[in-house]
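The structure follows.
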Amino acid sequence: PFNGPYLTRCMEIPHKKQRIDGSLTDSNYDDGEAQKLQTVSETVSKDAPFQRDLLVDEKYFKSYSFYEVHALMLADRRRTLTYRLALTQAHNRLHDQVILDVGSGTGILSIFGAKAGAKHVFAVDAAKKTCELAEKIIAENGLASSITVINSQVEDAKLAILDRVGAIVSEWMGYCLLYENMLTSVLLARDKYLLPTGAPSGVRPEDLAAWRRLRLFPCSASLFAAAFTETSLELDSAPNDSAESDLEALDAMDDSQKYTRKKLWSDLSELYQAKLDGVFADCVADEFYHQVHVKVVSKAAIVSNACKLCNLDLSTLDANELTRNGVQGHLDVSSIGLVSVNGLAIWFSVEFPDGEVLSTSPDVAPTHWQQCLIYLPQPLSLRQDDRIEGSLSFTHPFSNKRDLDVTLNCRFIEAKTENCILDFKRTYRLQS
């Protein structure tokens with residue numbers, strides 16, 4: 001729904017919504033805030049994980065001060081309308097209840113909750129500028145008496161007037177579902193506030209989980225993967241009429257891997273009379289093939305069945321276990337026809353208590369989450385029913401808890417002989 005260089009860039013780079021990019025975020029810090037960040041930065045070392053996390057969080061929450069970030073999310077109609085429908089469908093359970101909105105942003109989900117009959121909504125968000133905007137939007141909608149905006153991380157929020165809530169709503173999902181590491185905050189809020197009368201001591205764990213499952217929006221999440229192919233410019237083997245004409249052709253192509261091509265750097269070396277097809281070309285390629293890339297993948301580019309890697313029940317998922325171990329998924333897909341596999345596409349879906357599903361699959365209209373791609377170093381030719389078996393794991397690196405590491409450990413197996421064509425392991429990073 002948006003055009004223009006800023007939002008185009010948001011959709012191209014591997015961030016959920018434009019994050020910590022110096023030239024853009026600096027304009028949103030006043031001199032005092034910038035000095036504060038610099039002071040914190042200078043104290044951070046390998047021996048100071050707490051201070052490092054403070055800096056990471058400071059930058060992370062500041063990044064949400066850009067109004068275009070929220071415009072991008074609000075303009076994602078599939079995302080926003082699914083939440084609206086889910087809360088409206090649950091109006092009988094939400095009537096006269098207190099709702100907690102974790103990471104409330106502009107307050108749109110809080111508005112939906114209030115209109116669904118909630119007695120009161122607490123909208124908690126750590127981005128000060130966004131909270132100030134949310135208060136104005138809420139007042140403009142005539143709901144200032146029904147929604148309280150709290151500028152805080154939910155872990156630190158002082159909800160002194162209540163000890164429990166009747167529902168939690170949150171749009172916590174990042175690229176690859178887990179990028180940004182916001183789910184942990186939702187789970188901690190669940191454990192602290194989402195409690196029926198008599199809980200926890202007077203309620204059996206299975207009954208508590210069932211009760212929570214009806215009051216978490218969303219209540220479950222799933223990760224999926226499939227093999228993909230990418231039609232790309234066959235420049236490396238094309239006849240070289242002129243380096244400059246080849247470069248112009250390459251510029252016109254939507255080719256994710258164009259900067260990894262040796263011939264590009266060979267042509268540029270010839271054009272500039274400076275060697276760039278050696279160490280620089282190798283570094284660019286190495287970086288590309290160790291990153292998670294975010295883009296829309298067409299249904300036609302999927303060349304295997306889709307595999308559900310895992311399902312997360314948010315009513316029972318343990319926050320500490322998620323922090324320690326991340327998420328592990330079993331991978332088992334089979335190729336469809338004779339195909340050239342460039343890598344794996346990863347996406348997610350979330351489900352709400354009354355059955356509404358928000359999917360980011362290539363089979364449905366794109367959302368602002370798009371899909372996430374991890375590339376093999378070289379395309380691999382597979383025949384009908386050849387398999388990719390193994391695992392995909394999702395963890396947050398020690399250096400930045402908001403980033404995400406995706407580790408692929410798999411074997412490519414020939415269907416006809418059951419021989420292993422390739423044994424492959426690599427960790428890819430999705431980072432701010």
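Looking only at segment 224-243, decide whether some residue is modelled with pLDDT of 65 or more, touching a Lys or Arg at 6+ places or on another chain (Cβ under 7 Å) and under 29 Å from Val296 (Cα atoms).
Yes; the residues of segment 224-243 include at least one that is modelled with pLDDT of 65 or more, touching a Lys or Arg at 6+ places or on another chain (Cβ under 7 Å) and under 29 Å from Val296 (Cα atoms).
Now a separate question. Report those helices (runs of 4 or more DSSP H) wholly inside segment 54-108 carrying at least 3 residues which are more than 17 Å from Ala123 (Cα to Cα) and hydrophobic (A, V, I, L, M, F, W, C).
67-74, 77-89
I need the full set of residues from segment 163-182 which are on the phi < 0 side of the Ramachandran plot, of a type outside the set (A, V, I, L, M), under 20 Å from the mean Cα position of the chain (by Cα) and assigned to a loop (DSSP other than H, G, I, E, B), in order please.
Ser170, Glu171, Trp172, Tyr175, Tyr179
Let me ask something additional. Checking Asn305 against (1) within 20 Å of the chain's Cα centre (by Cα); (2) modelled with pLDDT of 95 or more, only one condition comes out false. Which one?
(1)
Also, quick follow-up: Determine which single condition Lys129 fails, assuming it passes every other condition in (1) farther than 22 Å from Thr184 by Cβ; (2) at pLDDT 95 or above; (3) part of a helix (DSSP H, G or I).
(2)
Considering only segment 373-396, how many residues are out of contact with any helix residue (DSSP H, G or I) (no Cβ under 9 Å at 6 or more places or on another chain) and surrounded by 14 or more Cβ atoms within 10 Å (Cβ to Cβ)?
Total satisfying the criteria: 15.
Got at least one residue in segment 414-426 being crowded, with 20+ Cβ neighbours inside 10 Å and either farther than 24 Å from Ala300 by Cβ or out of contact with any Pro (no Cβ under 6 Å at 6 or more places or on another chain) (or both)?
No, there is no match, as no residue in segment 414-426 is crowded, with 20+ Cβ neighbours inside 10 Å and either farther than 24 Å from Ala300 by Cβ or out of contact with any Pro (no Cβ under 6 Å at 6 or more places or on another chain) (or both).
Right, next: For the condition over 23 Å from Val350 (Cα atoms) and touching a helix residue (DSSP H, G or I) at 6+ places or on another chain (Cβ under 9 Å), what is the one hit in Lys295, Lys258?
Lys258
Among the residues that make up segment 356-363, is at least one of them under 29 Å from Asp286 (Cα atoms), among the small types (Gly, Ala, Ser) and touching a residue at least 40 places away in the same chain (Cβ under 8 Å)?
Scanning segment 356-363, I find at least one residue that is under 29 Å from Asp286 (Cα atoms), among the small types (Gly, Ala, Ser) and touching a residue at least 40 places away in the same chain (Cβ under 8 Å), so the answer is yes.
Just the residues that are under 30 Å from Ala167 (Cβ atoms) and touching a Pro at 6+ places or on another chain (Cβ under 6 Å), please, taken from segment 300-350.
Val350
Residue by residue, here is whether (1) out of contact with any His (no Cβ under 7 Å at 6 or more places or on another chain); (2) surrounded by fewer than 18 Cβ atoms within 10 Å (Cβ to Cβ); (3) assigned by TED's automatic domain parsing to the domain that holds Arg402 holds:
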{"residue": "Leu74", "(1), (2), (3)": "yes, yes, no"}
{"residue": "Arg77", "(1), (2), (3)": "yes, yes, no"}
{"residue": "Thr88", "(1), (2), (3)": "yes, yes, no"}
{"residue": "Gln97", "(1), (2), (3)": "yes, no, no"}
{"residue": "Leu100", "(1), (2), (3)": "yes, no, no"}
{"residue": "Phe112", "(1), (2), (3)": "yes, no, no"}
{"residue": "Gly117", "(1), (2), (3)": "no, yes, no"}
{"residue": "Phe122", "(1), (2), (3)": "yes, no, no"}
{"residue": "Lys129", "(1), (2), (3)": "yes, yes, no"}
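The values are calculated or read from the model by the stated rules, or taken from the named source; none is laboratory data. No experiment lies behind these values; they were computed from the predicted model shown. Note that each Cβ is placed from the backbone with ideal geometry, even for glycine, and that neighbours are counted across all protein chains shown.
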